[in-house]
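Please find one structure pasted underneath; my questions will follow.
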């Protein structure tokens with residue numbers, strides 16, 4: 001009798017477990033508001049937020065009747081001038097920050113438009129602001145316009161706006177300082193040179209420039225090279241500084257440029273040679289030649305012409321002093337700028 005009761009109990013527990021597992025499978029993800037749309041298959045979409053599940057839903061029956069790529073119906077009392085558009089080129093995201101006291105705004109006001117450039121959408125509400133994060137599949141410039149109660153967004157590729165596109169990478173950053181000599185961090189020299197270069201490039205309105213970092217952050221290697229690839233850049237330059245092995249200083253000095261020896265010369269080696277010649281000419285450094293660099297991740301995975309410039313040796317005391325001076329950093333930046341202009345003149 002006891003054995004029979006045990007068997008019945010065991011069967012009941014197994015059945016209960018099966019029901020519980022099935023229930024969990026079908027339960028909505030109450031806190032997950034991120035959605036992948038399978039965008040290749042959708043030409044038009046409308047996003048609404050389900051009150052029951054908290055998950056964005058798609059209705060492909062709604063067709064957009066406007067030329068822009070995305071339309072947002074704004075809440076009452078809000079116009080386009082109050083909407084903040086924050087663009088993060090490194091992560092290919094656009095945040096729309098919409099002031100509103102209507103906490104149901106994200107449920108009731110759908111996004112409507114073309115889905116071809118959007119891979120994901122995230123929605124949230126906090127502190128009197130609705131936030132819509134749009135994840136794009138490439139680097140785009142976002143153009144905002146408004147008509148009545150609607151905000152319209154266009155996503156323009158960099159080449160639709162600029163004649164040429166360049167991505168500049170300041171090496172290291174954040175918790176990755178690079179070489180450290182006499183209390184000087186490589187990451188700070190790299191960034192200082194890039195910021196001087198930024199001043200020069202800002203004067204040329206025909207060149208669109210994207211930076212992997214302009215502060216003491218440390219983007220991932222994937223993020224750095226993705227920015228170049230997803231912007232379809234004409235040129236990709238990474239700025240670093242060199243050092244010899246061993247604990248002390250050395251007499252080795254000069255500029256080297258790394259390239260991808262496994263790509264056609266035009267895609268890396270020829271461009272690296274231009275960078276080497278222009279930087280050494282501008283700052284008077286020793287020409288230490290080109291260095292094969294396919295083993296470097298951002299060089300190997302770049303789908304665009306790439307050069308990694310090792311400006312100087314921090315393990316050489318004289319060169320370290322120069323590298324840490326603003327005047328020398330300006331000369332290096334001028335050399336890189338001239339290399340970019342020359343590369344474009346030569347057909348890049």
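The values are calculated or read from the model by the stated rules, or taken from the named source; none is laboratory data. From a predicted model like this one, the values you see are computed outputs, not experimental measurements. Using ideal geometry, Cβ is built from the backbone for each residue, glycine included, and neighbour counts are taken over all protein chains shown.
Pairs, please: C-beta under 6 Å, at least 6 apart or cross-chain, first residue not assigned by TED's automatic domain parsing to the domain that holds residue 67 and in the range 100-112, second modelled with pLDDT of 80 or more?
From the range 100-112, no pairs qualify.
Residue by residue, here is whether (1) without any contact (Cβ under 8 Å) to a residue 12 or more places away in the chain; (2) over 27 Å from the mean Cα position of the chain (by Cα); (3) under 18 Å from residue 209 (Cβ atoms) holds:
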residue	(1), (2), (3)
231	no, no, yes
245	yes, yes, no
252	no, yes, no
255	no, yes, no
275	no, no, yes
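In addition: Does the range 71-81 hold any residues that are surrounded by 12 or more Cβ atoms within 10 Å (Cβ to Cβ) and without any contact (Cβ under 8 Å) to a residue 24 or more places away in the chain, and which are they? Walk me through it before giving the result.
Start the filter on the range 71-81 by keeping residues that are surrounded by 12 or more Cβ atoms within 10 Å (Cβ to Cβ), which leaves 71-75, 78, 80.
Within the range 71-81, 78 is the sole residue that qualifies.
Shifting gears a bit: Which of the residues belonging to the range 82-99 are in contact (Cβ under 8 Å) with a residue 12 or more places away in the chain and surrounded by fewer than 18 Cβ atoms within 10 Å (Cβ to Cβ)?
Passing the criteria: 82, 84, 85, 87, 91, 93, 95, 97, 99.
On to the next question. Of all residues in the range 157-183, count the ones that are assigned to a strand (DSSP E or B) and either farther than 15 Å from residue 209 by Cα or assigned by TED's automatic domain parsing to the domain that holds residue 115 (or both). Please lay out each step first, then the result.
Here is the first cut: in the range 157-183, the residues assigned to a strand (DSSP E or B) are 164-170, 173, 176, 180-181.
After this cut, where a residue has to be either farther than 15 Å from residue 209 by Cα or assigned by TED's automatic domain parsing to the domain that holds residue 115 (or both) as well, the list is 173, 176, 180-181.
Total satisfying the criteria: 4.
How many residues, within the range 105-129, are within 13 Å of residue 73 (Cα to Cα) and surrounded by fewer than 16 Cβ atoms within 10 Å (Cβ to Cβ)?
Step one: list which residues in the range 105-129 are within 13 Å of residue 73 (Cα to Cα), which gives 105-113.
With surrounded by fewer than 16 Cβ atoms within 10 Å (Cβ to Cβ) added as a condition, the list becomes 107-108.
Count: 2.
How many residues are assigned to a strand (DSSP E or B) and either assigned by TED's automatic domain parsing to the domain that holds residue 209 or under 22 Å from residue 231 (Cβ atoms) (or both) when one looks only at the range 113-137?
First, pick out the residues of the range 113-137 that are assigned to a strand (DSSP E or B): 113-114, 118-126, 129-136.
Now drop any that are not either assigned by TED's automatic domain parsing to the domain that holds residue 209 or under 22 Å from residue 231 (Cβ atoms) (or both), which leaves 114, 118-121, 133-136.
Residues that pass the stated criteria total 9.
How many residues does the range 243-288 hold that are assigned to a helix (DSSP H, G or I), at pLDDT 95 or above and out of contact with any helix residue (DSSP H, G or I) (no Cβ under 7 Å at 6 or more places or on another chain)?
Residues of the range 243-288 assigned to a helix (DSSP H, G or I): 265-267, 269-283.
Then drop every residue that is not at pLDDT 95 or above, which leaves 269-283.
Remaining after also requiring out of contact with any helix residue (DSSP H, G or I) (no Cβ under 7 Å at 6 or more places or on another chain): 269-270, 272-273, 276-277, 280.
The number of residues fulfilling the criteria is 7.
Only residues that are surrounded by 23 or more Cβ atoms within 10 Å (Cβ to Cβ) and either free of Cβ contacts under 8 Å to residues at least 12 places away in the same chain or under 19 Å from the mean Cα position of the chain (by Cα) (or both): list them for the range 191-212, please.
Scanning the range 191-212 gives 191, 194, 208, 212.
Mind telling me which of the residues 291, 304 ends up being modelled with pLDDT of 95 or more, surrounded by fewer than 22 Cβ atoms within 10 Å (Cβ to Cβ), outside any helix (DSSP H, G or I) and over 25 Å from the mean Cα position of the chain (by Cα)?
Details: 304 fails: over 25 Å from the mean Cα position of the chain (by Cα).
Just one listed residue meets the conditions, 291.
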